[in-house]
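Student: Take this structure, written in structure tokens, and hold onto it; I'll ask about it next.
The values are calculated or read from the model by the stated rules, or taken from the named source; none is laboratory data. Predicted model, so just to flag it, every value in this text is computed and none were measured. Here the Cβ positions follow ideal geometry from the backbone for every residue, glycine too, while neighbour counts run over all protein chains shown.
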Amino acid sequence: MQIPVTESLLLLSLIVVPFLGSVVAACMPSNARNAESFLAGGVALYGLAVAVFLYQYVGADEAVRYHAEWMPAYGLAFILRMDGLAWLFVMLITGVGLMVVLYARYYMSAEDPVPRFFAFLLAFMGAMLGVVLSGNLIQLVIFWELTSITSFLLIGYWHHRIDARRGARMAFTVTATGGLCLMCGVLVLGHIVGSYDLETVMAAGDLIRAHPLYLTALILIALGALTKSAQFPFHFWLPHAMAAPTPVSSYLHSATMVKAGIFLLMRLWPALAGTEEWTWIVAGAGVCTLLIGSFIAIFQHDLKGLLAYSTISHLGLITTLLGIGSPLGVVAAIFHTLNHAIFKASLFMAAGIIDHETGTRDMRVLRGLRKALPITATLAIVASASMAGVPLLNGFLSKEMFFAETLLVGGNDNWWMSIAAVAMGIFSVAYSLRFISVFFGKMPSDLPHEPHEPPHWMRLPVELLVLLCLVVGIIPGLSVGPYLHSAVHSVMGAQTPEYSLALWHGFNMPLAMSFVALVVGVIFYIVLRKFFTLQQRTDAPVLHRLSGAQAYETAMLRLTSFTGLVLRWFSTQRLQPQLFLMMLAMIAVPWLLTGAMPALQSPTIDTFNPFFAVMWVIGCACALTAAWQAKYHRLAALILVGGVGVVTSMTFLWMSAPDLALTQLMVETVTTVLILLGLRWLPRRLAPKEMLDLQVPRSVWLRRSRDFVLAVIGGTAIAAISYIVLMHPQPDSIGDYFLSRALPEGGGTNVVNVLLVDFRGFDTMGEITVLAIVALTVYALLRRFRPAQESITIPEQQVNDIDPAVRQTQTEQVEKGYLHIPSIYLRFLLPLMAVVVIYFFMRGHNLPGGGFVAGLIFSVAIIVQYMISGTHWVETHISLRPLRWISWGLLIACATGAGAMALGFPFLTSHTAHLTLPIIGEMHAPSAFTFDLGVFMVVVGSTMLILIALAHQSLRSRRPQGSTPDTVVLPKKGSA
């Protein structure tokens, strides 16, 4: 079946729309809960509708694909792929997401920052959709880590609570560490197959299993999957994540995040399963998890804690089914994944309703709630019965399939897995009864809130989910049969087994196991409640000694202690030792890596030019003098360093590189001013005369001699490396490639600018992103930084001792405005330089100039205004808003790249149009112009943000406590 292009774009929109909705939700006012809920619900409903529409192709066993080239030379592309398994998970993510949004509208308090909640929720939805729809393994890992980040934000949503912060850190540490292992495993898998394309990897199962690196890839990928799905021994993080709001638990810990690891095992089952290693690693972890989780769940007193451990147990059940390795095991795993998401989401919501209406989740004080919450009690009882595996409910069908598979793998001699399955069934009945017990008995009168039924719209998601439990349990073949078949066939292909979803398969061993689990589970719960004081126990017998959370905390403390030890050994707050280590590494590492000396060309020396030689003698003299003056006079050293920069700019110009010369000159100008502002914070240096009188210790002379030798060696090494690179034979110079292709393929004659905005536009995108991050970091560090108040106070009497004649002259000059006349004239420099900026910006694609140079020139214009008019005047008369410059610049640059991808070209592919305009005539309009505009805005915004941070901190007047307005404050000796 031919799939139209529009359907592929719909597939792309499934991921793009949630992220856009997240940005919009974050910008909405905090008092617009209805609007935010409608936005989030609309996004989820859109995804659900797109998935339903695309089933016409998925149901016919056709995979809907979207493909955009990313780095073809490395086999990387942005690929989205929806088959039956991905479709089923998309339905879970968007369907349960829609229910959660409706539920959260009534659950969240008016005092909660709701825009932040829905922004995080939609971002997580987009990341989770990216995981299940990725057709490239590297891309899957990226979205995988995004789910870890967004789930961290959701779990720690109530960040004022210690348990929320602790649970978020624990979940992120465990899952992100597993994500790093997954990345390594994916790289190994791609090395084995020779491709990261998902379809290619899935078809290369025999090659992968026969490769020597198979076990390495399996262990690394299994670590990623097991940590994300809270499998033993990494199960401890999930109960602590229950500090999140109940809508988050209903979404992340029933249908989405914890199912990501399960999804990965299903997705890679054709490539990795079928070996003893797979069975021992995956099934072994699953069996341990289902027993530990189900047993501990019985002894929980928190409703959400019980549901958390029951979730761990059911995830272990699914993992065990996948680890068994049989075709029917995969069928049962996919089926139970669907069933578990339905009944567990409804149970989490019911627990949230109980907490919301009573003010507590403690089962030791909750009882008799069916009288105050009759409808909620009925829904929760049905969902709990499904979790326990009661017939005519969806949980019974998949659990019976699980019993059948344990019998199959056990055979006639090995019954341990069947016994473990029945034990898990017994425990699940016990903790389901424990959950139901809150609705029976005499209702207490001392609850924090008077319980009553919630609003109907809050209860509606629970009603719909419980209805699905009944529908799937009664008519499974009609309700989920076709969708389950599509998911199974997408995983197993021609190996898809015959199976039946009928309610009755006759009297057989799986049915007997189900009956035993139900009956013994009821008896076990009654015995525990009557004879072992279940309500008074604070932990699970025996297993409480094996605390994964305690092991995690101990490991974190040991790691922190080791980090502190390393910092004490190798770190220092002084700049000179750090520079020494950096220079030493810069010399040692190339020396260790250098092999045989390559063949070098003979240098060609043109006729000697005395002007060029004198220029470099001046530059070298400036450098040496700057090093000497740094001991006495920092300002003089800075001026001399600027002289070195000017010589460097003239060298670039001499070598026919005007773009580099112009950029270097502007960079020197901007950095000189910024460093000048920074010098005001450094401690005072002694004057030359004072230094002559000072007795310098021998250790200081030795340290300076060492640094001098190291600097000479480092400079010589850099010169040698540069010489080797320049003199190495280059038969196919990369420069010739760009020179020949700049105009025909880049649409410009300025090769440097075409290189930056077209051929290596992705590098430039990374560079401006780093520049923005640096500016934000400088601003964040300085905006609240206050140095020590090292100042002395000159009383008013001493100020009055100044020569009256001098004082009168200064006063008259200020009154007549003489001192302000130069600054008034220089303010006209800004519009003049703005014209220069436009000139250099517009000509950049064909002549020296471009967005980077134009941004620096405009920054210099703003700096001049700061210097002549002061901080207050500039910010009063010129609206800078550097953060908006940075954000809009990055957005414009990204939009340029995304526009190329939307048209089916690689990211940031440049296109050129020739427009005919009135009066102006024909105009050359490359798309790189837009990207260059983004570069310009980021450069201006970043420079201005750093300038504002430094200028405010350096120029802000500080008055000591207790001083009067007439007091003059001068720096204290030894301070800045």
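Student: For the stretch 226-308, give me every one of the helices (runs of 4 or more DSSP H) that falls completely inside it and has 1 or more residues that are modelled with pLDDT under 95, surrounded by 22 or more Cβ atoms within 10 Å (Cβ to Cβ) and hydroxyl-bearing (Ser, Thr, Tyr).
Tutor: Where helices (runs of 4 or more DSSP H) fall fully within the stretch 226-308 and carry at least 1 residues being modelled with pLDDT under 95, surrounded by 22 or more Cβ atoms within 10 Å (Cβ to Cβ) and hydroxyl-bearing (Ser, Thr, Tyr), they are 246-252, 284-298.
Student: Say whether the condition of being modelled with pLDDT under 75, within 19 Å of LEU575 (Cβ to Cβ) and in the same structural domain as ARG634 (by TED's automatic domain parsing) is met by at least one residue in the stretch 707-720.
Tutor: no
Student: Turning to a different aspect of this structure: Looking at (1) touching a Gly at 6+ places or on another chain (Cβ under 8 Å); (2) assigned to a helix (DSSP H, G or I); (3) farther than 26 Å from THR246 by Cβ, which is the only condition LEU80 fails?
Tutor: Exception for LEU80: condition (2).
Student: Any residue that is in contact with a Gly (Cβ under 8 Å, 6 or more places away or on another chain), within 30 Å of ALA104 (Cα to Cα) and part of a helix (DSSP H, G or I) - is there at least one of those in the stretch 47-55? Can you show your working first?
Tutor: Filtering the stretch 47-55 for residues in contact with a Gly (Cβ under 8 Å, 6 or more places away or on another chain) gives 47-48.
Filter once more, keeping what is within 30 Å of ALA104 (Cα to Cα): 47-48.
Next cut, part of a helix (DSSP H, G or I) only: 47-48.
Yes, that holds for at least one residue.
Student: I've got another one for you. Could you list, ordered by first residue, the pairs with Cβ atoms under 6 Å in which the first is in the stretch 302-325 and over 19 Å from SER384 (Cβ atoms) and in contact (Cβ under 8 Å) with a residue 24 or more places away in the chain and the second is of a type in the set (A, V, I, L, M, F, W, C) and not in a helix (DSSP H, G or I), at least 6 apart or interchain?
Tutor: These pairs meet every condition: GLY325/ALA273.
Student: Name the residue, out of TRP144, TRP158, that is modelled with pLDDT of 95 or more and within 26 Å of THR175 (Cα to Cα).
Tutor: Details: TRP158 fails: modelled with pLDDT of 95 or more.
So the residue among TRP144, TRP158 that is modelled with pLDDT of 95 or more and within 26 Å of THR175 (Cα to Cα) is TRP144.
Student: Taking SER30 as the residue in question, decide whether it is within 30 Å of HIS356 (Cβ to Cβ) and either modelled with pLDDT under 95 or of a type in the set (Asp, Glu) (or both).
Tutor: Yes, satisfied.
Student: Would you check which residues across the stretch 919-962 are more than 18 Å from LEU908 (Cβ to Cβ), assigned to a helix (DSSP H, G or I) and either modelled with pLDDT under 70 or β-branched (Val, Ile, Thr) (or both) and list them?
Tutor: Across the stretch 919-962, the qualifying residues are VAL940, THR943, ILE946, ILE948, HIS952, GLN953, SER954, LEU955.
Student: Scan (1) of a type outside the set (D, E, K, R); (2) surrounded by fewer than 20 Cβ atoms within 10 Å (Cβ to Cβ); (3) touching a residue at least 24 places away in the same chain (Cβ under 8 Å) for the single condition THR378 breaks and write down its number.
Tutor: Only one criterion is unmet by THR378, namely (3).
Student: Moving on. If we keep just the residues of the stretch 187-223 that are touching a residue at least 12 places away in the same chain (Cβ under 8 Å) and of a type in the set (Val, Ile, Thr), which is surrounded by the most Cβ atoms within 10 Å (Cβ to Cβ)?
Tutor: ILE221
Student: Specify which of the listed residues (VAL58, VAL24) is over 26 Å from the mean Cα position of the chain (by Cα), modelled with pLDDT of 90 or more and β-branched (Val, Ile, Thr).
Tutor: VAL58
Student: Sticking with this one: Working only within the stretch 633-644, note down all residues that are farther than 19 Å from ILE863 by Cα, surrounded by 15 or more Cβ atoms within 10 Å (Cβ to Cβ) and touching a helix residue (DSSP H, G or I) at 6+ places or on another chain (Cβ under 6 Å).
Tutor: Of everything in the stretch 633-644, those that are farther than 19 Å from ILE863 by Cα, surrounded by 15 or more Cβ atoms within 10 Å (Cβ to Cβ) and touching a helix residue (DSSP H, G or I) at 6+ places or on another chain (Cβ under 6 Å) turn out to be ARG634, ALA637, LEU640, VAL641, GLY643, VAL644.
Student: Name the single residue that is nearest to ALA86 (Cα to Cα) among those in the stretch 451-506 being surrounded by 13 or more Cβ atoms within 10 Å (Cβ to Cβ) and among the charged types (D, E, K, R).
Tutor: GLU463
Student: Pairs only if they're at least six apart or on different chains, beta carbon under 6 angstrom, first in the stretch 112-127 and over 20 Å from VAL258 (Cβ atoms) and in the same structural domain as THR94 (by TED's automatic domain parsing), second hydrophobic (A, V, I, L, M, F, W, C) and surrounded by 23 or more Cβ atoms within 10 Å (Cβ to Cβ); list them, first residue then second.
Tutor: PRO115/ALA25; PHE118/ALA25; PHE118/ALA40; ALA119/ALA25
Student: Quick one: which of THR625, THR607 is of a type outside the set (Gly, Ala, Ser), surrounded by 12 or more Cβ atoms within 10 Å (Cβ to Cβ), at pLDDT below 85 and over 26 Å from VAL751 (Cα atoms)?
Tutor: THR625
Student: Suppose we filter the stretch 879-920 for residues that are surrounded by 19 or more Cβ atoms within 10 Å (Cβ to Cβ) and of a type in the set (Phe, Trp, Tyr); how many remain?
Tutor: Going through the stretch 879-920 one residue at a time, the tally reaches 2.
Student: Just to be sure I understand the filter: pairs with C-beta atoms under 9 Å, separated by 6 or more residues or on different chains, first member in the stretch 654-672 and more than 15 Å from VAL860 (Cβ to Cβ), second member in a loop (DSSP other than H, G, I, E, B) and aliphatic (A, V, I, L, M). Which pairs pass?
Tutor: Final answer for the pair search is PRO658/LEU847; ALA661/MET655.
Every residue, every condition in (1) assigned by TED's automatic domain parsing to the domain that holds THR319; (2) part of a loop (DSSP other than H, G, I, E, B); (3) buried (at least 20 other Cβ atoms within 10 Å of the Cβ); (4) not small (Gly, Ala, Ser), yes or no:
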{"site": "LEU392", "(1), (2), (3), (4)": "yes, yes, no, yes"}
{"site": "VAL409", "(1), (2), (3), (4)": "yes, no, no, yes"}
{"site": "GLY425", "(1), (2), (3), (4)": "yes, no, yes, no"}
{"site": "ARG434", "(1), (2), (3), (4)": "yes, no, yes, yes"}
{"site": "VAL438", "(1), (2), (3), (4)": "yes, no, yes, yes"}
{"site": "SER445", "(1), (2), (3), (4)": "yes, yes, no, no"}
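Student: Among the residues in the stretch 528-537, are any assigned to a helix (DSSP H, G or I) and either crowded, with 17+ Cβ neighbours inside 10 Å or β-branched (Val, Ile, Thr) (or both)?
Tutor: yes
Student: Here's something else I'd like to know. Using beta carbons and a limit of 7 Å, which pairs, at least six apart or on different chains, have the first residue in the stretch 503-519 and assigned by TED's automatic domain parsing to the domain that holds VAL480 and the second one among the polar types (S, T, N, Q) and surrounded by 12 or more Cβ atoms within 10 Å (Cβ to Cβ)?
Tutor: No pair meets every condition.
Student: Can you tell me which residue in the stretch 753-777 is nearest to VAL935 (Cα to Cα), limited to those that are of a type in the set (Val, Ile, Thr) and surrounded by fewer than 19 Cβ atoms within 10 Å (Cβ to Cβ)?
Tutor: The extreme case among them is THR769.
Student: Regarding THR200, is this residue farther than 24 Å from ALA494 by Cβ and of a type outside the set (Asp, Glu)? Break it down into steps so the answer makes sense when it comes.
Tutor: Values: farther than 24 Å from ALA494 by Cβ: no; of a type outside the set (Asp, Glu): yes.
Spelling it out, it is not the case that THR200 is farther than 24 Å from ALA494 by Cβ and of a type outside the set (Asp, Glu).
Student: While we're on this one: Assigned to a helix (DSSP H, G or I) and more than 15 Å from the chain's Cα centre (by Cα): does that describe LEU98?
Tutor: The answer is yes for LEU98.
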